[in-house]
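The values are calculated or read from the model by the stated rules, or taken from the named source; none is laboratory data. Note that this is a predicted model, so its numbers are computed, not measured. Please note: Cβ atoms are built from the backbone with ideal geometry, for glycine as well, and neighbour counts cover all protein chains shown.
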Amino acid sequence: MGDEQILVVEDNARNMTLVRDVLHATGYRTLEASTGRQAVLLAAQHGPALVLMDIRLPDIDGTEALRLLRADERTASIPVLAVTAEAMAGDRERLLAAGFDGYLSKPIDLDALLVAVRLHHPGASAIPGTNS
Ligand code: MN
């Protein structure tokens, strides 16, 4: 699965390491961003197969980053999963209404993460320029 990159957007170094390690151990490659703007830039440059988007980020938040991804034809169709510690009632519905393809809550359950990644990962054929 050489070209199946997952963009992990996370400003907390410990959470980033946790997610990166489990994805690498499962055979995925990662791109990593610690701010929303960096995430939007990397997504446009590399066309990842999936984005895991933290919501609370130091510049624009994850919902605004999602809006920018959806507004750019290069990134509009990439599945984006929200990853957030926000646990208020209605949050999940709010995030799904904003256009996220799914929702993972923190602290991150690694088994749930892998289930969600497998569910939403479109595979290498969805990446421009690859055909495997
Ligand atoms: Mn955060």
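So here's what we get for this one:
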| read-out | value |
| --- | --- |
| Among the candidates G90, G47, residue that is modelled with pLDDT of 95 or more and surrounded by fewer than 22 Cβ atoms within 10 Å (Cβ to Cβ) | G47 |
| Where a residue in region 111-131 is over 14 Å from Y28 (Cβ atoms) and among the hydroxyl-bearing types (S, T, Y) and its partner, wherever it lies, is at pLDDT below 80 and in a helix (DSSP H, G or I), with Cβ under 7 Å and at least six apart | T130/A124 |
| Looking only at region 8-62, and only at residues there that are more than 12 Å from the ligand (Cβ to nearest atom), assigned to a helix (DSSP H, G or I) and of a type in the set (D, E, K, R), the one that is nearest to Y103 (Cα to Cα) | R20 |
| Neighbours by Cβ (under 6 Å, 6+ apart or cross-chain): first from region 66-85, at pLDDT 95 or above; second exposed (fewer than 13 other Cβ atoms within 10 Å of the Cβ) | R70/A76 |
| Cβ pairs under 8 Å, 6+ apart, first in region 35-57 and in contact (Cβ under 8 Å) with a residue 12 or more places away in the chain and closer than 17 Å to L95 by Cα, second basic (K, R) and more than 16 Å from the ligand (Cβ to nearest atom) | none |
